[in-house]
Amino acid sequence: MINDAILLLNKELAELRKFVAVLDSERQALLNNDTDSLLTLSEAKTQAAGQLMEMGNARRKALLASSGDSMETWLTRHAPGSLTVWSEIRKLAAQAQNLNNTNGELINSRMRHNQQALSALQSAAKSAAGLYGPDGQANISSTGRHLGSG
């Protein structure tokens with residue numbers, strides 16, 4: 001069981017490294033406005049997140065269900081050499097959370113920018129709609145003084 005625990009932790013660490021790499025690639029794509037790669041990265045991120053969730057659940061079920069201990073306590077008792085792996089998993093998980101938050105902020109910023117641009121275009125289109133009359137002639141209303149009038 002101890003060897004299985006170590007194997008599970010190492011697999012989880014490897015998967016978490018992949019996940020952080022995907023999040024970093026997503027951040028770079030957002031910063032570089034590379035919308036073409038975002039769909040592929042989003043699918044990879046969803047798949048990796050699901051895989052990590054399954055791995056975490058399997059780890060908890062296999063290691064902690066019988067003892068009720070925390071991961072650190074269990075590892076200290078049964079596999080102290082794996083505490084460094086667990087520490088790295090926790091650091092990478094925090095890094096993944098920070099990257100995901102940053103990416104969410106970048107996405108929200110882009111969405112606000114796009115919404116503002118769309119509103120400006122819609123406003124311009126409404127204004128332009130009144131420039132021509134039904135006869136196709138310019139229908140520019142003037143307010144204020146005419147040139148040359150005193």
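Numerical summary
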| read-out | value |
| --- | --- |
| For the range 1-115, alpha-carbon Rg and Dmax in angstrom | 17.0, 55 |
| Potential extension, residue 90-residue 125 segment - 0.36 nm per residue separation minus Cα distance | 7.4 nm |
| Ordering of 116-124, 74-82, 27-35 by packing [mean C-beta count within 10 Å, highest first] | 74-82, 27-35, 116-124 |
| Whichever lysines have a C-alpha closer than 16 Å to that of residue 45, once near sequence neighbours (fewer than 8 apart) are set aside | 18 |
| Spin-label pair residue 40/residue 97, simplified geometry with 7 Å Cα→Cβ offset, distance in nm | 3.1 nm |
| Proximal lysines to residue 61, defined as alpha-carbon separation beneath 18 angstrom and excluding residues fewer than eight positions away on the same chain | 11 |
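Bear in mind these aren't lab numbers, they're just calculated from the coordinates by the rules spelled out. Note that the structure is a prediction, hence the values are computed from the model and not measured. We place every Cβ from the backbone using ideal geometry, glycine too, and count neighbours over all the protein chains shown.
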